[in-house]
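Below is one structure, written out as C-alpha cells; the observations come after it.
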Amino acid sequence: MENTKNRDAWEIIQTFNSQRDRDTLVQKYVKMRKNTFVFFRGTCHLFYRDLPSDSILNVAPIVWICGDLHLENFGAYKGDNRQIYFGIDDFDEGVLAPCTWDITRLLTSIYLAVDSLSFQQSDAENLVRRYLDVYTTTLSVDSIGEIIEANVNGIVAELLDDLDCRKRSDFLDQRTELIDGYRHLKIDDEKILAISQDRYQGVVRSIELWATSQANPDFFEVLDVGFRVAGTGSLGLDRYLILVTGKGSPDRNYLLDFKQQLGSSLYPYVPIEQPQWKNSATRVIKIQQLVQSAPPALLAAIDFNGGSYSLRELQPTQDKITLKAGKISLAQLEKLIDTMAQVTAFAHLNSSGKLGATAQQDLIDFGNRLDWQKEVLIYTSNYAQQVKQDYRDFCQATQDL
C-alpha cells in the first residue's frame, strides 16, 4: 500500500462528499459508523486512492468492471427476456480497468464482512481463497454461463424461488397506499421523503418529455414522486422514486428509480483511457449492458436539473442478499461466495473484447497464473487492517453526529 501513513482519511472523505446534500449526507455518515463493512461500502474512492500504482494488480487483462464490487452489490433481477437472474447489480462506479480491481475490492469486503458476521479470521482467509479458486476455475471453463434458479443452490436459490412467487400488488403495497382507488407513495420521512412542488413538477416534465420518444408514452404517466433514500455510497446524491401508470391502476402500476449519476470515483486513478460517454448515466447503463448477459428491459439516461440521471424499473422480482450476524451460517456463506465468484467471472468474460476490453482468451490465460493471486491475497489481508484503522478514526471524528 502507499499514501496511507500520513493521510487523513476523514479529511479525504469530507472533501469527496463536499457537494452532496447535507441532510442525506449525515445519514450516510451515521450509517457508515455501524461497522467496518458498511464504512468500506461508503468509501470506494478511498480504496482506489490507496491502490498502489506500481502493483502487479494493475498488470492484468482489461475488462469492464463494477468498480464497487463487494458482498452486498449482488442481487436478483428480471432480464429483458423475463428470466430472473442473480448478478452484479450496481454499476455507478463502472469503468474499463484491470480485472483484478474488482477482485481486490471484493476480497477486502470478505475480510470486513466476516468480522461483522462474527466469524473467525481463519474463516475469512478460507473464504477469500475459495473465491479466487472458483473465479479462476470458472474462467478456465471457457464458457459464459448465467446464474438462474435451475443451476444454483443455497440462499441464492431460495432468493430466486421467493422472487418468482412475488406479486406486483404486494410489492406496490409496501411503498404505496390506495386513496379512492389510486395509488400514492407512502411518504414515511425515512426511505421516501416529500419534495417541493417545483422539484416535483420538474421531475414530471422530464419523465414525460422523455416518454414522448417511447413506444408507449402513456405507460410513463407520472402519478406521484418522492425523494428516495437508499444505498450507502450514493447517499447524498439526488434520487427519486416515481410511481407511473404502467399497465393500469391500481395493481399494474410501476415504480421507477431516478438517480443522479456523477463521474466514477475511479477516474483519477484508472490508467486506461476511457470512452467519451455522452454523460455519466449513459456510462452506467452501457456498462451494465456490456457486463450482464440479459440486462433489464427498462434502462434509460435522462438529462435533468443540469445533470444526468439513470432511470430504471424497481421490480417485484428484485432483491439483494443482506448479510446479518446470526442470519447466515458459514456453510451458507461459502456457497454464496462460490456463486459470487462465478458471477464475477461470467461478468468479466461477458465484457471481454467489447469497447476496448481485452480478448477473452487473454483473460482465461491470466486466470491460470499464480503470481497475481498471491499478491491479491497479501494485499487484501493487509488493506483490511487499514480499513479498520480508518474506520476507528472516522468514528472518532464523527462521534457528535
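Here are the numbers for the structure shown:
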read-out: Inter-label distance for Arg205 and Asp133, nm, one decimal - labels placed 7 Å from Cα along Cα-to-Cβ; value: 6.0 nm
read-out: Packing-based order for 67-79, 371-383, 89-101, using average beta carbon neighbours within 10 Å, highest first; value: 89-101, 67-79, 371-383
read-out: Computed log₁₀ I(q)/I(0) - Debye formula, equal Cα scatterers, no solvent, the range 167-224, q 0.13, 0.23, 0.24 Å⁻¹; value: -0.43, -1.08, -1.10
read-out: Spin-label model distance (nm) - Thr398 vs Thr282, 7 Å beyond Cα toward Cβ; value: 3.4 nm
read-out: For the range 235-348, size of Cβ-based charge dipole, Lys and Arg +1, Asp and Glu -1, in debye; value: 120 debye
read-out: Cα gyration tensor shape for the range 260-394, rounded if a/c is under 1.5, else prolate or oblate; value: rounded
read-out: Given charges at beta-carbon only (K, R positive; D, E negative), |dipole| of the range 317-401 in Debye; value: 260 debye
read-out: Extension gain (nm, one decimal) between Gln121 and Gln14, 0.36 nm per residue minus Cα-Cα; value: 35.4 nm
read-out: Debye equation applied to the C-alpha atoms of the chain, log10 I(q)/I(0) at 0.06, 0.08, 0.10, 0.14 Å⁻¹; value: -0.23, -0.42, -0.67, -1.37
read-out: Among Val134, Phe16, Ile285 the positive-end extreme of the charge dipole of the chain (Cβ point charges); value: Phe16
read-out: Span-rule helices in the chain, defined as complete DSSP H runs reaching 27 Å or more along the axis (Cα) with Kyte mean at least -1.0; value: 121-140, 330-351
read-out: Lysine-lysine proximity count for the range 254-353, Cα under 28 Å, sequence distance 8 or more or distinct chains; value: 9
read-out: Magnitude of the charge dipole, the chain, Cβ model with Lys/Arg +1 and Asp/Glu -1, debye to 20; value: 340 debye
read-out: For the range 186-299, Kirkwood radius (reciprocal of mean inverse C-alpha pair distance, Å); value: 16.1 Å
read-out: Cα centroid separation, the range 273-320 to the range 354-400 (Å); value: 25 Å
read-out: Listed residues Asn58, Val95, Ile84: farthest to the positive end of the dipole of the range 49-105 (Cβ charges); value: Ile84
read-out: Taking only Cα atoms of the range 335-401, radius of gyration then Dmax in Å; value: 17.8, 53
read-out: Virtual spin-label span in nm between Glu177 and Val59, 7 Å along Cα→Cβ; value: 6.3 nm
read-out: The chain - mean residue ellipticity at 222 nm from DSSP helices (-39,500 (n - 2.57) per run, n ≥ 4, rounded to 500); value: -14000 deg cm²/dmol
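Every number in this text was worked out from the coordinates using simple rules, so none of it is lab data. What you see is a predicted model, and the numbers here were worked out from it, not measured in a lab. Glycine gets a Cβ as well: all are built from the backbone with ideal geometry, and neighbour counts include every protein chain shown.
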